[in-house]
Every structure is written in structure tokens, then in C-alpha cells.
1. Of Gln113, Pro924, Met530, which is farthest towards the positive pole of the chain's charge dipole, taken about the Cα centre with +1 and -1 on the beta-carbons of Lys, Arg and Asp, Glu respectively?
2. Tell me which lysines have Cα within less than 28 Å of Lys900's Cα, excluding those fewer than 8 residues away on the same chain?
3. So how tilted is helix 25-36 from the main axis of the chain? Cα-based, degrees 0 to 90, rounded to 10.
4. What is the Cα centroid distance between the range 42-90 and the range 853-921, reported in whole angstrom?
5. Can you put Thr48, Thr511 in order of Cβ neighbours within 10 angstrom, beginning with the fewest?
6. If we count every other residue with Cβ under 14 angstrom of Glu411's Cβ, Lys/Arg +1 and Asp/Glu -1, where does the sum land?
7. By count of other Cβ within 10 Å, fewest leading, how are Val449, Val267 ordered?
8. Setting aside same-chain residues fewer than 8 positions from Lys196, which lysines have a Cα under 25 Å from its Cα?
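What follows is calculated from the coordinates using simple rules that are stated; it is not laboratory data. Predicted, not measured: the structure shown is a model, and the values here were computed from it. All Cβ positions, glycine included, derive from the backbone under ideal geometry; neighbour counts span all protein chains shown.
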Amino acid sequence: MCVLQITKRIKHMLTEKYIKSLCLPQFWLRGRMIAQENAVVNFRISATPSMIDFEARVRGSRKQPYRVFGSYNRAEEKVKRISCSCPAFMEYQGICKHCAAVLIKCMDMEEFQDRDGLPGPAVKPGQEKSGAKGASERATTPEFKRFLETELKSRSALLGHGELHGRVSLEPYFTVRGSRLSVEFKLGAGRLYVIKDVYAFAANCLRKDLYEYGKNLSFVHTIDAFEEDSQPLVMEVVSWARQRVSNLSSLRYNNVANRSATLTEDVFARFLLAYRGTELSVMLDGTALSCRMLQGPAPRRLAICGDKDGIVLKTSPMRTFIGSSYVVTIMDASIYIENVRDVRPSLDFLYFLEDKRRQDMFIHKSDVPAFCRELLPRLEKNFACDCEAFDEASYGVLPVRFQFYLDRPGEDAVSCRALAVYGEEKEKREFGLFDNTTEILQRDRAAEVETAALLAEWRDSAKDGQTVLVEGEEGIYGFLSGVAPLLESRGEVFATDAFRRLRIRRQPRVTVSLSINRGFLRFAYEAEEMEREEIEEILSHYDRKRRYYRLKDGSFLDMEQGDSLSTLHTIREDLNLTDAQMKKGDVRLPAYRALYLDDAVRESEQVETREDAKCRSFLRGMKNVEYHDFPLPASLESVLRSYQNYGFLWLKNLKQNGLGGVLADDMGLGKTLQVIAFLLSEKEETRPAGRRFALVITPASLVYNWREELRRFAPELSVALAAGSAAERRALIESAADCDVLITSYDLLKRDIELYEGLEFSCQIIDEAQYIKNQGTQAAKAVKAVHSVFRAALTGTPIENRLSELWSLFDFLLPGFLYSYPAFRKRYELPAAGEQGKDVLARLQRMIRPFVLRRLKKDVLKELPDKLEKNMASAMEGEQLKLYRTNVGNLRRMLEKQTKEEFNHSRIQILSQLTLLREICCDPALVYEDYRGKSAKTELCMELIRNGVEGGHKILLFSQFTAMLERLEDRLTEEHISWYSLTGATPKAERVRLAQAFNTDQTSVFCISLKAGGTGLNLTAADIVIHFDPWWNLAVQNQATDRAHRIGQKQVVSVYRLIARESIEEQIVKMQEAKRELADQVLLGEGMENGSFTREELLEILKHS
């Protein structure tokens, strides 16, 4: 059976035969060379089904570009028109060489090929090809199709021509004629054949073609066909040809052109490096050499012979070829290849030798000094120098020495006369350092130029070639600090008395004295060798970027070395000291400032402190709380952990020293228990007659929780709740003289503040102190209005968004400690967002550090189980997604139309719209009563709950929307899953009962409103926490999570945050990360982000929602 196999081929619509028919033979050959030389540039093609229009620029022999343009008819397969801007196009018959070059380049362009055609007539536009693929099918990329065909062709050809595989060698034959470098090649397996066209050989290798050089040499040009030693040279030849000829793979063989390839110096070196043979044939200026090739420095020699009139230089015979990367040296039948950077010191001299083709030179004795100083030291790095009857000194090569004469010709000017001196006193010769005209060849210009560079900034002022003039404070300081010390290392320096009076002084050593008397701190300082008035003058105009200050005696004070004045400036700023106070040098301050001052001074190397006995005792006690042996109540000795005992001692220490503080332990570390231990300890001490003992102020939701904790850990303390009606509260407050602890809420304190006006408490404790973070609220004002001796604040999040929250907290604890709010804002809050933010926050952290005790769970509770957090994404679909996008678009359009002022006045409306978007992410039914579609997040939540309950887990489910909790509770009921619910409407006593019940019974899910139950509850029975919707403030979410992840938890806690994909909820999570751990940024000395919210930021959020 005979099978006829028809192979598809690429049909070239333009052929060599057709192009030759359009021009004279010499124009065809020249056009071919132009195309190979890549002289056709800026090609542009515009193709339609019937016509191809083309245009290009061709570089002429004089580098002048000519414009060629034309059209080709696809159906007729003919050039319809073509034109060139060169003169020859109009003078000769047919097309010119530039047109021929352009058409040759067109041959292999995709537009001029019929890649799907079979032998036969061309398919006209609009005709369907018989048996062709359907219009919807994609064909293989044409270029990759050709690549595959080449690979398959080369493998197939090996079947019949494999006997030479791996045996073909490639041998180079180099020719050097003057400065021209060229190479020819022979190849074969035994007998060698001349390669008559190097470019065509490279194209055969690129195409993996089968080519016949003679009857004994025909092989497929794969790289593996060559001997292993020849392969690097083959690849180098192909790489070189590809750089010189575009579309190399389409090049056809020519038996005349390109037998010899002209090389650059670097290509010459690369071919040599690629050659693996031991002997190399080189025709050097008509002489045939057999050279060995060596990598490394050439053994160049330079003979220096002296005579009465000068010296004679003679170099060893060599030829040198210098490229941009390599230097090739041919000498003594050897070829040396060096990296050009290794020969750089002698490069100019080698260029000179090669250009002039000289081996010997004479240097007159008057030029010998210049040679010895400028050139010889560099030549010695690449030449072995042999000296005969040559002594540098006998030719007047004398060493140079420098002299500098410094003066102060004016109040704000100094001068420097710089001389280069040669010879001793009797024959001494002096030259101005900037005089470049006098006996230039006799001078050591290298040394002079190096020295003159020190004064280069002022060389234009050296009118006499010797003396530079430095004017102005800035210039004089730069000269004194940077240049004058270097002059002494370069030569002799002579200075007038006027100049010597100009000096740079170091910052003085400062002694700070601290003493405490009658509850106040006395701060004084003294400086060595500087008057206090002058120090105050500097501090009043202090700038951290200044390099110096000019003193009254004309000298300069160096501000870059030393830190005594910067320390005094920081103290002045942080303690808000006036000019008068600093000038006096003796200031009265609150005793607690001793902690800051001691800390600030200890970081300075130039400031030391002297403290009196009271101050030392105060500092020791505050820094080492164990220094005071405060007994822990016996009933709690086995209850408190070691870190909680430390917190108890810290509170006692603050109380004894008349101070206040923030217990800012991480949530779940038992801040309440530490305070109870403190209150019980205070109870066991004598209470002043007629004074209320302790007032605890807490969120309303925690009032009963505090009572239960006090009953549990300190039943000895009598506790009263200021709760009930207004009349009941009045009666209770007025008759509570004998109780140990009075508990009220922030809300009730605001209403009853008048009842507290005549009362004074020994201790005032505020829980969840972030309730007073906004200084202008009634809650903050009421808390600060209560009279109390000792104040303490409890919070796991002392700062949630802004530094102003910290100021409000300390305004309660230690009024005046952080000064007025405008002063605090100017000194800390605003600069914290600028370039000096880190420095400002470090100073603030140093100020508050003694009064804040913050421990993290990971640091003190090594035994606390892990908390595994994960974001769970749900994708809105269908009607839910449509509703969401509609409302996002409405809000974005509203914002885009608003001015900044309109935005500020419509914040409530905007917040309402943002809340609406968040509700739609949860469940559109929260917004649209008639919505009957699904909620993607609800389904995800129920899946998590089902899996958790089946696994025997107890779950806390948080949401900010009580309506959403109600919908989830309905689903839980439908699926017979037990649940409790706690919202803002849950009575306080009921909250406590529900928490206790959940921790002990079999109820599976506790549905909790985030704001109502995010704090104060202990729910360690749960080991899964689900946040149904994210809140702007991550700290609030973390507080809620820590209802389960706290002391007493025995299981790993899994926390799931449900996020609607590609929604505002994703942006909320990003904002949470941006504002993350703002408290630690100040309290633990870390960086800080600003939590402001602008119209632009909101638009950016909506853009990605």
C-alpha cells in the first residue's frame, strides 16, 4: 500500500529570484550586504487582506538615511509600487540597492508569507481553504511552529548522517594586518574544508540545517555534531553573527562573500578564549606564526637607560589590541589575554605604542621629572622596568613638601597661602599650589593636585596662584573643622596669633543636681567653661540640624560631637521650662519629674547627675518596686501569680509616693484581681477618719461583675453599688460612709456628680479607662471632678487611635503632667506625624514610662494556650452583590461632588451610608424588608457553627448588629442548636448569671453584641470565637476575643473573622492593620501611624470595595 504524505510548508510570497528581476546585479549584491549589516531600520508595515504597505529607513554609505516606501499586492504576488529618496533610484534602470535591501528584509516577515498554503495556487482573500481548521480554532504561534519544525528536522536528519556526530572540529585562522583583525575558519573530521561564508555557517547552525561541504563532509549543524573542544567556539561564532545580522536564520549560502570575518578587539579576545586548542595559527603582518595562548598578564619589559642628555626607553617587541573589555598581546610566539581593568594604569601608554609602532623613545633631561612623577609609577604596575645608568635625583627629580600659611585678614575671613617646595634651603624653589604655568614639567603635579583638592572649594579666590580666601561663618567653620586638621598631615602649617584665636570648642560637660524637699524637686545645672547665659542663648535658638554655634569670643561650638546641649534642650522642651528658668539654672518641679530627668541624663555621655539622699531613695523605690516590702494580703498569697504580685507592689509604690498610674496589662491578665489585692491591702492599713475609702468607676455592664469579683477574692471588703433610681442612689451615696468600696458606672457618675462634690476618696479606680479618652465628654469631666488622693486607671487599650487619648488619661491621673492639651498637641501630637515622629514618640515614651505598667500575655503567660486567628472570606453573589454595588456607587458619587467643607458637615450622613454597606455585607435583609435572597456570610457562619458543635466545642458569636444576631438566633433555633444572647438591653445582673451559666452548662453558642459584651466577661468555657463582622477598631475586637483567651483557658482558642470579599469589610481589615497596636507604639516605644480619616481616604476605600 502506498501512502502519499504531503508536508505543509511556508510559502514565501517574495523570493530572491523575483527581487533580482527588479534590479541590476550589482544592486542586488549591495542590497544583500546592506540587509546583512542591519542598516534597514524603522520598519513599518500596514496590511489588509489584499495589500501590504511598507516603509523603512536605510542608512547610506555616508550614514545618511534614505526613505523607502512601497506596496505589495497579495493576490497578484507583485510589488505594485516602490520608491527611494536616494539619487540612484532616478538614475538607473530598476530599483536601487536600498529598495533591494528593504525587499530582502521583507522576505522573512510574517506578512509576506503564506504559512498555511499547500503547493498550488494562492488562496484569494475571502476564499475558504479546503480542509482548513474551523474559524474558531487557534493555530500554533507561527514563530513557535517554525522552532518545532527546526527541532524535528534536525532530529530526523541525524538518522542518515549520524556517522560524523560529535567528530567535527572547527579551526580558526587569524590574520593581523596593521590594526585590522580578521578570521577564517576550516572544519571537518580529519580533512578540513574552508568555510566560504561565515554568516551562512552560523545560519546553518542556528537552523540546524544539513549542509554538504564536500563529498566527505555533510552533516546536520547541531551543537552536538561538533567536538566538545570546538563547541564553545561554534557558539561564540553564532552569537557574533546574530549580533551583526538580523533574521540570521533566513540567510542563504554565498560561495564568494564573507569568507573572512572582520573582528573587533573584544570579539578577537572572545574567539581566542573560546578556542580550546593548544596551538593557534596567526598571520601577523605577513608572517605566519604558530602561537600558544595564555590567560594572564603579558611579561612586558621596559628598559630605562640614562645618558648625558636624557634617558632612552625601550619596550619588548609586542603587538597590543585593546578593546572595551579585553586586552590581547602578541609577543614571543604567545598570545596573552587580560581584562582591561588589570591593564588600566598603562592603557594610555599601550595605545601610544600601538599607534606609533615604536619600541624605543628618547626623553630629554628636562622632561625626565615629568616622566618619573606622572608616568613611571603607573607603568611599573604592568611592565618589568630595568634601569641602567639611571638615577632620578640626577635629573632634578626632587621630592615635594608643602607649606601652609594661615591668617585672619578680617573679622569674617581667613586665608591660606599654599606652597609646593622643592629642594633644600640654598636651592629651594617655591611654587603656588594653584599656579599651573610655571615649570610644569619639573613639578610633582600628582602630589600637588592631590593636596590642592583640599582647598578646591576656594581655588577661584587664589588670584596669585598661592593664597585662597575663605569668607563667611559657614565657610570658616568648614575650613577649621574639615580642612585645617588635614593640612597638618600634608605639610608644615604656620598660623598667626589672630588665626589661632579662632578655635572650635567641644560641648561642655554638664552636671545636673537633683534634690527633693517637701514633695518638690529642685533641678539645677552647671557647665564647665561656659556661662549659663551663653548656654541659654544657644538653647533658645536650638536647631538639631545646626553643625555649630558662634560664641561671643568668635570661637565655634561644635554641635556634631557631644550631646550635653542636646540633652539640656530635650529637658527644656519636655519639661516646658522657660528662658528665665534655664538662665537661672535652679528650677522647682513636681517630685515625679525626677524619674524623667534621671532617665534622660543617663543616656548622655557628657552629663552627670548628683542626687541628694531623698532623691536617691525616691528613684530607687520607683525603679525597684520590690525595694518596699509591702505585705500581700494573706488570703491572696496563693492566688496571685508572680507578675500579678508585681502589679500589686507597683500600685502600692505609686500610692506611697503620692502618684498615679495606668495598669495597662494585656486583656485577660487579671487587672481586676491586682486592684482588689491593692484595695484589700489598703483596708488592712489604718483608714483616715471621715474619708470615703475607694471609688470604682466602670462601664455599666461591669458593675455587677466587679461586685462578684470583690465578693469572691476579698469578702472582707464591704461593697456598695450606686445603682437604682436617682433617689435610691442619693440615699446610698449619702449613707455609704462605712463601706470600703463604692461602685458606680460612668453613666450614673455623670448624673450624680453633684452628690460627689463634698466627698474625698482615698482611692479612685477607673476600669476600661478608654471611656474617658475623649477629653471633652461628660464622662471624662465627671471622672476628673471627683476628689481623690490616689488615682489609677485600668485598660488593655490605653490608646486606640490618637495620642490625645493618652493626654486625657494622664490629665485624670496626674493633672498637669503632660501640660495643657494645646501644649501637648504642639509638642508631641502634631510632630509625631512628621519627620521627627520616632524621636518625638521616644521622648514621650520616656516621660510616661514610670507611670505605665504594661505586660503582654506572650511575655508573662507562657502556659496560656495559643490563639489561632484566621480570616474567612465569603463571596457575595446575585441580588446581594447587585445591591451592594449600587449603594457603593451612590456613596462614591456623593463624595466626589462634595467639597472638603461639605464633607465635614455631612459626616453623620456618610457614617450612616457606611453602616448601610456593612449591613448589606452581613445580610441585605437588615436593610431591605422585602429581601428574600441569600446571605453568603450567614451560610459560612452556620457551617462553622455546625462543625464546631459537632466537634464538642463551645462558641462565642459576636456582631455589632443586634438585628443580625436575632436572624442568626432564628437559624440556630431551626437547627436545634442551643444558645444564649447578650445585648445592650440585657440587665446587668442577668449578664453575670448568663456568663456563669455558659461556663458551666451545655449551651453551645453565646450570641453577644460586640459593644455590650466585649469587655469584663470571663467566658473561658468557649474555645471558638466568631466575629461575624469587622469593626473599625481592632482593639475592640481583640477585647471581645479575650473573653475566651484569658487566664483559666485550657484549650487552644480558634478565632474566625468573617469577611465579605471585595467589599468595604476588606478595607476595614486593612485599616485595622494600619492602626494596629497603637498603644504599644507609645507604651513600648515602637513606631506610630496616624489614625485620621479623610474624604480622600474614604474614596480610596470605596474604589477598592
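1. Highest projection toward the positive end goes to Gln113.
2. Qualifying lysines at Cα under 28 Å: Lys773, Lys826, Lys1070, Lys1075, Lys1103.
3. Value to nearest ten degrees: 30.
4. Result: 62 Å between the Cα centres.
5. Working: Thr48 9, Thr511 16.
By the 10 Å Cβ count, ascending: Thr48, Thr511.
6. Values: positive: Arg408, Arg501, Arg550, Lys552; negative: Asp407, Asp412, Glu471, Glu473, Asp553.
Here the charged neighbours net out to -1.
7. Values: Val449 12, Val267 21.
Least crowded to most crowded, the residues run Val449, Val267.
8. Straight-distance partners of Lys196: Lys17, Lys20, Lys97, Lys105, Lys153, Lys186, Lys208, Lys215.
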